[in-house]
1. Suppose the chain between K59 and A47 were pulled fully straight at 0.36 nm per residue; how much longer would it get relative to their current alpha carbon spacing?
2. With r defined as the distance between the Cβ atoms of I146 and W180 and R0 fixed at 35 Å, what FRET efficiency is calculated, to the nearest 0.05?
3. How far apart, in nm, are two points set 7 Å out from the Cα along the Cα-to-Cβ line at H166 and at N76?
4. Taking a ≥ b ≥ c as the square roots of the Cα gyration tensor eigenvalues, with a/c under 1.5 meaning rounded and otherwise prolate when a/b beats b/c, else oblate, which class fits region 36-86?
5. Once you order the gyration tensor axes a ≥ b ≥ c over the Cα atoms, which shape class does region 18-127 get: rounded for a/c under 1.5, otherwise prolate or oblate by comparing a/b with b/c?
6. Less than 27 Å apart at the alpha-carbon level, and either on another chain or at least 8 residues along: which lysines does that give for K69?
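Please treat every number below as a calculation from the coordinates, not as lab data. On a predicted model such as this, the values are computed, not experimentally measured, just so you know. Positions of Cβ are generated from backbone atoms using ideal geometry, with glycine treated the same way; all protein chains shown enter the neighbour counts.
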Amino acid sequence: MSRWLELFAVLAVLGAAAADTPANCTFEDVAGKWTLWEGPRGVKPGASCANHQGPWERKVRVTLLSPNKVVDQFGNEGTWTMVYNQGFHINVNGRSYFGYSAFKKEGQKVTSYCHKTVPGLAHDVNIRHWSCFYGQKSGSKMLPKIHFDPFHPQGLQAAHLSRAHHERVVSAVNARARSWKAELHQPFAGLGVEEMLRLRGG
């Protein structure tokens, strides 16, 4: 029964999130020692903690290990998992934590701060005593990661991709493909994503 409650809690938290975030953090970026700060308990289930500024009443230190083991400062063991490349979910010592990795978006430029989270939600494994929390990776000298969002209107859609670019992509695909062969389709050579969308009526 507790597994079903745990699944419900994760779905409630994920459902409360407005959409995917553009953060791009890997397992290697996130694994390691973290400090989690929790606010007062009694937050509404599924509430947004985005604007929560404190106070922070509790501090828990955890180590996120491979492949999915977590150990807190008291030696309690639990599990954790990445949530896509955007955040993590931790279960340890009767508490569950879900947080997205911090990021900043400026146009199509996205900066991921994989060593900290934006405020997320925590609760008991029996889905009570909800609180806001945030996490910071301990002793991290990690530099922010920068990438460009291809789905931003001024990103890849507006880019004009050269014939040489298309040829490089075809070569890269063919270097790995075993049962089929990619070819450059002449009528589309040199067109960008925006032009391709116009051709299909998008």
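1. 2.2 nm
2. Once rounded, the FRET efficiency stands at 0.50.
3. Simple spin-label model gives 5.8 nm for this pair.
4. Cα axes put region 36-86 in the oblate bin.
5. Since a/c reaches 1.5 but b/c is at least a/b, the shape of region 18-127 is classed as oblate.
6. K33, K59, K116, K137, K141, K145
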